[in-house]
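**Student:** I'd like to ask you about the structure that follows.
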Amino acid sequence: PPPPQAFTVIDQNRDGIIDKDDLRDTFGAMGRLNVKNEELDAMIKEASGPINFTVFLTMFGEKLKGADPEDVIMGAFKVLDQDGKGSIKKKFLEELLTTQCDRFTPEEIKNMWAAFPPDVAGNVDYKNICHIITHGEDKEGE
């Protein structure tokens, strides 16, 4: 069977192996253009050999093993947070969610902004989203 979409999204040149260029292109597609070679090398070195789909799954599984789901989700948002401010522009997040992978419908976007309203500057506090996804909403006065 063909590898799932997450793998093929990273395997930009579709050769079945994730290499340094694939990682650089993936970061670039997420708006992070100045990734250092050392950073990419370190990621590639985590694998015992070429990163095919099986190796990718194993590495991914090891990263998640014993991980706090909040840390995992937070890590995904941090990749999108180019400025490291702890928030993402509403417009950027909405564009990603409606154009990539499992696309959000206008209704799902509306519900998301109702649950997680951006601030007046249009920033979305993803730490709050991660906390609520993994712990549920804290009731007032607890």
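The values are calculated or read from the model by the stated rules, or taken from the named source; none is laboratory data. These numbers come from a predicted model, not from an experiment. Here the Cβ is made from the backbone with ideal geometry for all residues, glycine too, and neighbour counts use every protein chain on show.
**Student:** I'm told residue 54 meets every condition in (1) modelled with pLDDT of 85 or more; (2) over 17 Å from the mean Cα position of the chain (by Cα) except one. Can you identify the failing condition by its number?
**Tutor:** (1)
**Student:** Can you tell me how many residues within the stretch 102-111 are surrounded by 11 or more Cβ atoms within 10 Å (Cβ to Cβ) and under 14 Å from the mean Cα position of the chain (by Cα)?
**Tutor:** 0
**Student:** While we're here: For the stretch 81-99: of the residues being in contact with a Phe, Trp or Tyr (Cβ under 8 Å, 6 or more places away or on another chain) and of a type in the set (S, T, N, Q), which is surrounded by the fewest Cβ atoms within 10 Å (Cβ to Cβ)?
**Tutor:** 98
**Student:** Give the residues of the stretch 88-124 that are of a type outside the set (A, V, I, L, M, F, W, C), farther than 25 Å from residue 7 by Cα and not in a helix (DSSP H, G or I), sorted by residue number.
**Tutor:** Listed by number, the residues that qualify are 89, 117, 118, 119, 122, 123.
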